[in-house]
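First comes the structure, then the notes that go with it.
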Amino acid sequence: MKIYIIKNHDKRILGKDLEWLDGTDAALVFHTEHRDIALNQLIELNAKDINLRAQIIECQADKKGRPIMLLESAAASASNSASANNIQTDAA
């Protein structure tokens, strides 16, 4: 199933409470099955902040309806930060 989320220029994801999140908890992310609803939300956000640079992202949903892309990127971020920590400790 395809769903739509909103991501800003800082790679932060819009949450259900209309706050910008890092996307690690997919259950808190604003998502919709309908692109027009996502577009309406984006227009409302732009009306409040005219300098906002955000875009609608299409992604797949898991069985619970959460964005899969976020779960994969959170796992990749965790593994990248673990690798970075190992490099730093090896250098010391």
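Each residue in H31, H9 was given a count of other beta-carbon atoms within 10 angstrom of its own, and listing them fewest first yields H9, H31.
For the pair L39 and H9 in one chain, pulling the backbone fully straight at 0.36 nm per residue adds 9.2 nm over the alpha carbon distance.
Treating r as the C-beta distance of K48 and M1 and R0 as 25 Å, the FRET efficiency rounds to 0.25.
Values in this text are rule-based calculations from the coordinates and carry no lab data. Everything numeric in this text was worked out from a predicted model, so none of it was measured. Cβ: placed from backbone, ideal geometry, glycine included. Neighbour counts: every protein chain shown.
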